[in-house]
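The values are calculated or read from the model by the stated rules, or taken from the named source; none is laboratory data. This is a predicted model, so every value here is computed, not measured. A quick note on method: Cβ atoms are made from the backbone with ideal geometry, for glycine too, and the neighbour counts reach across all protein chains shown. Quick note on the areas: whole protein, heavy atoms, side chains included, nothing else; ligands and nucleic acids left out. Shrake-Rupley method; radii C 1.70, N 1.55, O 1.52, S 1.80 Å.
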Amino acid sequence: PAATASAATSPEPYPTTHEQISKPLDTQNFIDNQFVASQATQWIDLHDPATNSLVTRVPQSTDAELKAAVESAQKAFPAWKAQSVLARQQVMFKYVALIRQHWDRLAASITLEQGKTFADAKGDVLRGLQVAETACGITTQITGEVLEVAKDMETRSYREPLGVVAAICPFNFPAMIPLWSIPIATVTGNTIIVKPSERDPGAMMILAELAEKAGFPPGVVNVIHGSARAVDFILDEPLIKAVSFVGSNKAGEYIYQRASANGKRVQANLGAKNHALVSPDCNKNHALNAIAGAAFGAAGQRCMALSTVVMVGETKDWVGEIAERAKALKMDGGFEEGSDLEEGATIMLDGRGKKPEKYPNGNWVGPTLIANVKPHMRCYTEEIFGPVLVCINVDTIDEAIDLINANEYGNGVAIFTRSGSTATRFQREIEAGQIGINVPIPVPLPTFSFSGNKKSVAGGGANTFYGKPGLAFYTQAKTVTSLWRAEDAVATKASVNMPT
Ligand code: NAD
């Protein structure tokens, strides 16, 4: 996937060394297609996690700025809705081309602010870009239905945009997650306000710049900043009709409840504790490599990271080999060639206290592996969201399935086996939204939907992101029933009965 975006194709230079970030520029709001300096009195310092040098200051956007964003989005809505779907599709084509052109620049911003490796940051951009690419097919995706329901009478269905919608995003995928919302919301005729994570808004600011270049009219895409207060504003603002949230359970459960109580549609993807079941009949080398990559890649800070391995029977003896693979991963700054890991957050194999020589001031945790874990232990019951893999031993596949189903989270799960019947049974009986069979991180491409389950989604997962449910989320169904027939056939007397 990286083949078409190299430094040579990027139209603008981007900083790749920490020395180039000597003078931090304050992050701005983006309202009405303009970058505007915030008048905030409170600012959040954003540090490069590899060096802890200051990258930028992020404003707590003021009430006036938050209101200006909503007014801008509301004002833009009628004309944007009235544009033909073909016109909106053309803007989306240009947006896709520009994101592809600025791929490296977006990825560099992510590495600087979030810390993941440059190669991984390119994947972050790509997975969002794919949502935008899929949204370009809107002309066939949004067609309604029509049925002649009685003689001379037909019912047609349409899908119409909601109005102003908002997206509240997490820090771990600064490009992909805003792009789970922006393309689908806008191509269907909504206008959107994005509140990126206050920990890494840089990629979203580039996406805003590209939205203007692509031809989105002023007000269709707006960006504001802040934390809990800005979120509360979004949740309480009556003009905002729908809220998309991705992040932790703590914030998400609150956001779901408050936004729903205010009559808004909400889609909310939350935390996870994803299991990998290792069956003794699996392809061992493939399974162990896949698990080490999926547990420790991106410092374990993916909602689909495999953070628990359930080792069935004799596979418990393979734990040392997982540790060997984990030790072989190179921990380094995200821009360094060949680095596999970056900063993280927590505990043992033991990753604590490890630092690459070149980055003594950064925030680092090496791969950490905890073996012989019991299900009641805190390292198993809580989402750690760092490069930490916990290993639980069980004797049978049945026991493994029961253990995984008893976990309150249900985002992703993987099984490693060569047996078709074991895999089939697993996929039928397991209670998780996204299942990988010999695939470690089975995030579906955007033609499907991101199907979390249990505590990993708010509201029972009725409104999932992208795919057909994503399109339904950002549109209101309308049905029109019409009767056209010769005048002589029309009844002359009023009827008070339901037609039978
Ligand atoms: P977070 O919940 O701390 O922050 C997400 C957003 O919510 C940010 O924009 C933040 O400003 C806002 N926020 C935080 N606390 C708030 C509060 N008390 N009130 C109102 N708003 C608040 O999450 P994070 O640390 O940025 O992201 C990591 C989490 O996101 C993990 O739990 C991970 O599993 C989850 N995640 C889930 C998915 C998924 O699709 N299921 C994808 C990515 C990340």
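Toward the positive end of the charge dipole of the chain, with +1 on the Cβ of Lys and Arg and -1 on the Cβ of Asp and Glu, the farthest Cα among Ala64, Ala251, Thr308 is that of Ala64.
On the protein heavy atoms, probe 1.4 angstrom, tell me the percent of accessible surface of the chain carried by carbon and sulfur. Its accessible area is 54 percent carbon and sulfur atoms.
Between Gly362 and any residue 5 or more places off or on another chain, the built amide H atoms are never under 5 Å apart.
Rounded to the nearest 10 degrees, the inclination of helix 178-187 to the longest alpha-carbon principal axis of the chain is 20 degrees. Amide H to amide H distances under 5 Å link His47 with Val55, where only residues 5 or more positions off or on other chains count and H is placed in the peptide plane. In this Cβ point-charge picture (+1 for Lys and Arg, -1 for Asp and Glu), the range 266-376 has a dipole of about 320 debye about its Cα centre. Look at the alpha carbon pairs under 8 Å that are at least 6 residues apart: their mean separation over the length of the chain gives a relative contact order of 17 percent. Here Trp43 sits with roughly 60 square angstrom of accessible surface, probe radius 1.4 Å. Against the main long axis of the alpha-carbon atoms of the chain, helix 319-328 sits at an angle near 80°. Counting heavy atoms of the protein chains alone, Asp236 has an accessible area of about 70 Å² for a 1.4 Å probe. Overall shape: oblate for the chain, with the ratio a/c of the largest to smallest alpha carbon gyration tensor axis at 1.5 or above and b/c at least equal to a/b.
The long axis of helix 202-214 is offset from the longest Cα principal axis of the chain by roughly 40 degrees. Taking label points 7 Å from Cα along the Cα-to-Cβ direction, Asp45 and Asp236 give a separation of 3.0 nm.
Distances between placed amide hydrogens fall under 5 Å for Val266 paired with Val243, all partners being 5 or more residues away or on another chain. The alpha carbons of the range 128-264 give a radius of gyration and a Dmax of 17.0, 60 Å, in that order. Sequence-ordered 3J(HN,Hα) estimates for the range 222-233 from the Karplus curve with 6.51, -1.76 and 1.60 and θ = phi - 60° stand at 10, 10, 10, 10, x, 10, 4, 5, 4, 5, 4, 4 Hz, glycine and proline given as x.
Distance from the C-alpha centroid of the range 55-80 to that of the range 191-213: 12 Å, rounded to the whole angstrom. With protein chains left intact and a 1.4 Å probe, residues in the range 156-257 average 26 Å² of accessible area per residue. Note that the range 434-448 has calculated 3J(HN,Hα) couplings of 10, 10, x, 10, 6, 10, x, 10, x, 6, x, 5, x, 6, 9 Hz, one per residue in order, obtained from phi through the Karplus relation 6.51 cos²θ - 1.76 cosθ + 1.60 (θ = phi - 60°); glycine and proline are x. Computing FRET efficiency as 1/(1 + (r/R0)^6) for Glu314 and Ser260, where r is the C-beta to C-beta distance and R0 is 45 Å, gives about 0.40.
At full extension, Glu408 and Glu148 could sit 88.9 nm farther apart than now, given 0.36 nm per residue minus the alpha carbon distance. Assuming charge only on the beta carbon of Lys and Arg (+1) and of Asp and Glu (-1), the dipole of the chain about its Cα centre is about 720 debye to the nearest 20. Here the simple spin-label model places points 7 Å from the Cα toward Cβ, and for Thr479 and Lys284 these points are separated by 5.9 nm. Putting +1 on Lys and Arg Cβ atoms and -1 on Asp and Glu Cβ atoms, find which of Leu389, Ser38, Leu112 reaches farthest to the positive end of the dipole of the chain. Positive-end residue among those listed: Ser38. Solvent-accessible surface of the range 363-415, averaged per residue with a 1.4 angstrom probe and all protein chains in place: 38 square angstrom.
3J(HN,Hα) along the range 42-56: 10, 10, 10, 6, 10, 9, 5, x, 7, 10, 6, 7, 6, 9, 7 Hz, from the Karplus curve 6.51 cos²θ - 1.76 cosθ + 1.60 with θ = phi - 60°, whole Hz, x for Gly and Pro.
To the nearest 0.05, what FRET efficiency results for Gln427 and Ser227 with a Förster distance of 35 Å applied to their C-beta separation? Given R0 = 35 Å and the Cβ-Cβ separation, E is 0.35. For the chain, the mean residue ellipticity at 222 nm estimated from helices alone is -10500 deg cm²/dmol, where every DSSP H run of n ≥ 4 contributes -39500 (n - 2.57) and the total is divided by all residues, rounded to the nearest 500.
Normalised by the number of residues in the range 254-379, what is the relative contact order in percent for Cα pairs under 8 Å and 6+ residues apart? Taking the mean separation of contacting Cα pairs over the length of the range 254-379, I get 19 percent.
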